[in-house]
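Visitor: Questions regarding the structure given below will be posed in turn.
Derivation of every value follows stated rules applied to the coordinates shown; laboratory data play no part. All figures in this text were calculated on a predicted structure; none of them were measured in a lab. Note that each Cβ is placed from the backbone with ideal geometry, even for glycine, and that neighbours are counted across all protein chains shown.
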Amino acid sequence: MNKNNPSRFRILSVAIALFFLFSLLLVQFYKIQILEGENWAKQANKQHFLIVKEPFLRGAFYSNPSIKQGHPAFEKPFVIDVPKYHLYVDPGSIKDDFKAEIANQLIHLVRVPAGEQDKFTNQFYRKSRSRKLVMWVEKDLHQTIMDWWIPYAKKNKIPRNGLFFVNDYQRSYPYGKLMGQVLHTIQTFKDEATNQAKPTGGLELYFNSYLKGKQGKRRLMRSPRHALEIGEVIENPENGSDIYLTINAYIQTIAEEELERGVVKCKAKAGWAVILEPHTGEVLALAQYPSFYPPEYQHYFNHPELIEHTKVKAITDANEPGSVFKPFTMALALHCNEILKKRGEKELFSPEEKIATSSGKFPGRSKPISDTSHHSYLNMDMGMQKSSNIYMGRIAERIINRFGNDWFRAQLQSMFGFGLKTGIELPAESIGVLPTPGKLHPNGALEWSLPTPFSIAMGYNIQATSLQVARAYAVLANGGYLVNPTLVKKIVKNSSTLFPTQEVKIIPRVVDEKIVERTVRSMRFVTKPGGTATRGDIAGYTEVGKTSTPKKIVNGAYSEVLYCPTFAGFAPASQAKIVIVVTMDEPEYGYFPGIGKIHNGGNCTAGVFKEIARRSLQYLGVPPDDPYGYPYGDPRYNRDRILWMPETLKLQELYQSWNKK
């Protein structure tokens, strides 16, 4: 280098410097584009693009349309998802000069309450690119906002996505509060990351894993030219499974209407009813009053008294069944007879046997068992018709003397399912209480003592839910088979059936058909003259049923004014189509002229059973099987030709001769 030539030296120095700077630029370019390219691309995308959630449809619940032969199988939804919108603001894309005006206009359009207006306006001044303003915007309001916003944004050169909507789905109930306790709902606020909502209970909770879907993603460009509705779906949403229920909307409506009338009439605290198809175990209705309206779940759960109405009491509340249990005592006694016959031993008893029922003294009891009326002698049919506690106690005494306590308990469980959960597809099902010989209570007392079987024989010292009682009555209605109650016919996702599988479920026979027939025969006298439930006689149809009026336990003792009466039965008497259990919780206590004791099961539950059964059978298209069995005064009434009336009159004559009445 010639240092004596300053011009050439400067040129060379500048060239070296430029080369060095260019090299640095290349290194920096390599670092930004290659080494850090992905990170800077993400930053650019955040500035130019917005990722919004693409919502999924949560699975729906559908009514059972196929129960009525010849009826169009329309799929009627109990609950579905309907499209709604959430309104957002992008504060970073709106100049401060316009924010107050935009906020005030939206406050007017969406009718923000006065106490929340300041909080609403503050969202526009947050350092954020996405702030939620309003949830669950209806389609009409969405259009109203867009009609105002698009011209306003264009006029003031504000990006259209300065305000934007995110699509979502909200639970909707076409039948309103119908079946609210069974369905339940999902909470309003969903998880921000997954868009999943938390169920509040019921079927929504039990089947949550099937119902929930998976949200998708949509990419939007932040630009005055790009609206929210224009964007690329980069991940498709996955919808949840639909569940087709066994519950029929019409029968559910019938049950809820008649139940409400019954609760109001007897001024009960609450009431519930179960309707079961006896051959399959399908639940056709689960009704309860007072009702629960799912969209208002917060109101119910925040009120200590109303929260009770969110439970499905037919499966959560186990009570002493009382006299509705007596048919099972008799069926078990007849079962004993069959066993003894095979052994070549003397039968336990004869259904026609004249058994003394004057004295209610039993081993181990300090207080005698009593009946509502005095009966000197009864046979099986009379004992069932008059609902005699003493007669049932005498039969249980013979069972225990021949077969023992453990056998007695085991048969009640294996034959009728007491002390076992039904497996119904709802949370919080109670197992009930079936005492165990030799087992101690937490207080140290024996669950099963010497007098326990005499109490169980008449439905005390045992607790069962209404659904357990319905399942046990189905054994008598279907000829001796123990069904598993169910609420689900099928579960479908993307046109593929997930349930039922190809596995065939075998329904076991637990009671001999002859035993069922004889038990049912005695029960047919209950709703006829001289029986305890004449108000349960269904006009034009035959029926089988039993009533009960058990006292409630309050602070460890039986109350004298609080009762939980029940009527359980099925119709028609032969080839039964429905089993119905109706329970009233704490009906008004007292005697009413022309009615009798309103708290008795025969007065406050039998009539509800009758009306539910009559209307349901008519809806199902079941023809009347007792063409002359109508109330007196009806032109179809013919006392001499009413089914089971000749047998009833003969039984009355025999009863009067035995008891001299």
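Visitor: Just need the relative contact order of the range 249-659 here, percent rounded to a whole number, with Cα pairs under 8 Å and 6+ apart. Numbers along the way, then the final one.
Guide: Numbers: 830 pairs, mean separation 83.1, N = 411.
Relative contact order comes out at 20 percent.
Visitor: Once you have a ≥ b ≥ c as the square roots of the Cα gyration tensor eigenvalues for the range 139-203, tell me rounded if a/c is under 1.5, and otherwise prolate or oblate according to whether a/b is larger than b/c.
Guide: Oblate, since a/c reaches 1.5 and b/c is not below a/b.
Visitor: To the nearest 20 debye, what charge dipole does the chain have about its Cα centre, counting +1 at the Cβ of each Lys and Arg and -1 at the Cβ of each Asp and Glu?
Guide: Once rounded to the nearest 20, the dipole reads 1580 debye.
Visitor: Each residue of the range 86-92 in order: what ³J(HN,Hα) in whole Hz does its phi give by Karplus 6.51 cos²θ - 1.76 cosθ + 1.60, θ = phi - 60°, with x for Gly and Pro?
Guide: Values per residue, Gly and Pro as x: 10, 8, 10, 10, 9, x, x Hz.
Visitor: Related question: Only counting other Cβ atoms within 10 Å, I'd like 452, 310 sorted with the fewest neighbours first. Write down the numbers at each step before the final one.
Guide: On the way: 452 22, 310 19.
By the 10 Å Cβ count, ascending: 310, 452.
Visitor: What is the distance, in nm, between label points placed 7 Å from the Cα along the Cα-to-Cβ direction at residue 10 and at residue 110?
Guide: 6.7
Visitor: To the nearest 10 degrees, how steeply does helix 405-416 sit against the main Cα axis of the chain, on a 0 to 90 scale?
Guide: Here the helix axis deviates by roughly 60 degrees.
Visitor: Turning to a different aspect of this structure: Give the relative contact order (percent, whole number) for the range 52-245; include only Cα pairs under 8 Å separated by 6+ residues.
Guide: Result for the range 52-245 is 33 percent.
Visitor: State, to one decimal in nm², a quarter of the convex hull surface area for the C-alpha atoms of the range 444-561, i.e. the direction-averaged projected area.
Guide: Averaged projected area of the range 444-561's Cα convex hull equals 13.8 nm².
Visitor: Continuing with this model, one more query. Within 10 Å of each candidate Cβ there may be at most 10 other Cβ atoms; applying that plus a DSSP loop requirement, which chymotrypsin sites (Phe, Trp or Tyr not before Pro) in the range 113-213 survive?
Guide: Numbers: sites: 120, 124, 125, 136, 148, 149, 152, 164, 165, 169, 175, 189, 206, 207, 210; in loops: 175, 189, 207.
Within the range 113-213, the qualifying chymotrypsin sites (Phe, Trp or Tyr not before Pro) (loop, at most 10 other Cβ atoms within 10 Å) are 189.
Visitor: List the trypsin sites (Lys or Arg not before Pro) within the range 266-359 that fall in a DSSP loop (any state other than H, G, I, E or B) and whose Cβ has at most 14 other Cβ atoms within 10 Å.
Guide: The qualifying sites are 269, 346, 354.
Visitor: Can you list residues whose amide H is under 5 Å from residue 282's amide H, if they're 5+ apart or on another chain and H is modeled 1.01 Å from N?
Guide: 277, 486
Visitor: What is the distance in Å between the Cα centroid of the range 284-324 and that of the range 97-166?
Guide: 41
Visitor: Simple spin-label model, 7 Å along Cα-to-Cβ: residue 359 to residue 123 in nm?
Guide: Each label point lies 7 Å from its Cα, and together they span 8.1 nm.
Visitor: Taking the Cβ-Cβ separation of residue 560 and residue 654 as r and a Förster radius of 25 Å, what is the calculated FRET efficiency to the nearest 0.05? Kindly include the intermediate steps, with their values, before the conclusion.
Guide: Numbers: r = 35 Å, r/R0 = 1.39.
According to the calculation, E is roughly 0.10.
Visitor: Need the C-alpha centroid separation for the range 423-484 versus the range 496-545, integer Å.
Guide: Centre-to-centre distance over Cα atoms comes out at 18 Å.
Visitor: For the pair residue 198 and residue 98, what calculated FRET efficiency results from E = 1/(1 + (r/R0)^6), where r is the Cβ-Cβ distance and R0 = 56 Å, to the nearest 0.05?
Guide: E between residue 98 and residue 198, to the nearest 0.05, is 0.90.
Visitor: Report D for the chain in µm² per second (integer): Stokes-Einstein, Kirkwood Rh on Cα pairs, 10 °C, 1.306 mPa s.
Guide: Stokes-Einstein gives a translational diffusion coefficient of 54 µm²/s.
Visitor: Add -39500 (n - 2.57) for each DSSP H run of 4 or more in the chain, then divide by its residues: what number comes out at 222 nm, to the nearest 500 deg cm²/dmol?
Guide: That comes out to -10500 deg cm²/dmol.
Visitor: I need to check one value: relative contact order of the range 403-545, counting alpha carbon pairs closer than 8 Å and at least 6 residues apart, in percent.
Guide: The normalised contact order for the range 403-545 reaches 19 percent.
Visitor: Using a basic spin-label model with each label point 7 Å from the Cα along Cα→Cβ, how many nm lie between residue 302 and residue 233?
Guide: Each label point is offset 7 Å from its Cα along the Cβ direction, giving 3.8 nm.
Visitor: In the range 280-337, which GluC sites (Glu not before Pro) are in a loop and have at most 16 other Cβ atoms within 10 Å, using DSSP for the loop call?
Guide: Numbers: sites: 282, 296, 305, 308; in loops: 305.
The qualifying sites are 305.
Visitor: Could you state the angle between the C-alpha long axis of helix 389-403 and the longest principal axis of the C-alpha atoms of the chain, as a value from 0 to 90 degrees rounded to the nearest 10?
Guide: The two axes meet at around 90 degrees.
Visitor: If you don't mind, there's one more thing I want to ask. Report the gain in length on full extension from residue 187 to residue 22: 0.36 nm times residue separation, minus Cα-Cα distance, nm rounded to one decimal.
Guide: 53.4 nm
Visitor: In the chain, with Lys and Arg counted as +1 and Asp and Glu as -1 at Cβ, which of these residues, 121, 9, 289, has the Cα nearest the positive end of the dipole, that is, farthest along it?
Guide: Working it through, the farthest residue towards the positive pole turns out to be 9.
Visitor: Against the longest principal axis of the chain, how steep is helix 96-110, in degrees 0 to 90 to the nearest 10, with axes from Cα atoms?
Guide: Helix 96-110 and the main axis of the chain meet at about 20 degrees.
Visitor: Still on this structure: Is the range 52-245 best put as rounded, prolate or oblate by its Cα gyration tensor, with a ≥ b ≥ c the root eigenvalues, rounded for a/c under 1.5, and otherwise prolate when a/b is larger than b/c, oblate when not?
Guide: Because a/c hits 1.5 or more and a/b exceeds b/c, the range 52-245 counts as prolate.
Visitor: Sticking with this one: State the percent of C-alpha pairs, over all pairs in the range 564-661, separated by a distance greater than 24 angstrom.
Guide: Everything past 24 Å amounts to 42 percent.
Visitor: Too long at a 18 Å Cα-Cα cut-off: which of 326/597; 95/154; 546/660; 154/217?
Guide: Details: 326/597 21 Å; 95/154 14 Å; 546/660 26 Å; 154/217 27 Å.
Correct reply: 326/597; 546/660; 154/217.
Visitor: Using 0.36 nm times the number of residues separating residue 155 and residue 136, minus their current alpha carbon distance, what extension gain do you get?
Guide: Full extension of this stretch gives 4.0 nm more.
Visitor: Another question, then. Dipole of the range 249-659 (Lys/Arg Cβ +1, Asp/Glu Cβ -1, origin at the Cα centre): which of 250, 655, 426 lies farthest to the positive side?
Guide: Positive-most Cα among the choices belongs to 655.
Visitor: Would you mind calculating the gained length between residue 588 and residue 407 on full extension (0.36 nm times residue separation, minus the Cα-Cα distance), in nm to one decimal?
Guide: So the chain would gain 61.2 nm between residue 588 and residue 407.
Visitor: Work out the FRET efficiency for residue 553 and residue 494 from their Cβ-Cβ distance, taking R0 = 51 Å, and round it to the nearest 0.05.
Guide: That pair, residue 553 with residue 494, gives E of 0.50.
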